[in-house]
Structures are given as structure tokens and as C-alpha cells.
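Beneath this line is the structure, given in C-alpha cells, with notes to follow.
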Amino acid sequence: MVATGERYDVKNDEWSRLAQMDEVRYGPGAAILPDGRVLVAGGMSKCAYLKSAEITTRRRKAGARQPI
């Protein structure tokens, strides 16, 4: 289960920690957006599938959790 993540920058060969998510997720999907933010969607909580997505940045949350 994850409540935070890391992003790898290939160009600079470095990792950066992402902001903590609102929900702990197991097995979510993630995609880097063109502006560098990270979209994290779906996955499972302790007992149910999640129908929400979050956008995070390296420093802080970029926006509220949204249903998908």
C-alpha cells in the first residue's frame, strides 16, 4: 500500500519524493503529466476498489481527490 510515491527524472538521474496522497492505495495506476505533475488513479484501499484519482507534485498536493 502506498500513501506517497517517488518520481525518477531520467535527464538528471535523480529521484524526488511526491507529496502524501489523501488515500492510501494498493496497486494504483500512475502517469506523469506534461507539466511534471503525477496523476495517481484507482487501486484498492484495505477493503474496496477506489474510484478516485489524485494529482500530486514533488512538494505538495496539486488538487483535491476526484471521483473517476
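The modelled label-to-label distance between GLN20 and GLU6, using points 7 Å beyond Cα along the C-beta direction, is 1.9 nm. Protection proxy ranking for 18-30, 40-52, 2-14, using the average of other Cβ atoms within 10 Å per residue and placing the highest first: 18-30, 40-52, 2-14. Projection of the Cα convex hull of the stretch 6-63, averaged over all directions and equal to a quarter of that hull's surface, yields 4.1 nm².
Throughout, read-outs are computed from the coordinates displayed, never taken from laboratory work. These figures come from a predicted structure and were not determined experimentally. No Cβ is skipped: glycine too gets one built from the backbone with ideal geometry, and neighbour counts run over all protein chains shown.
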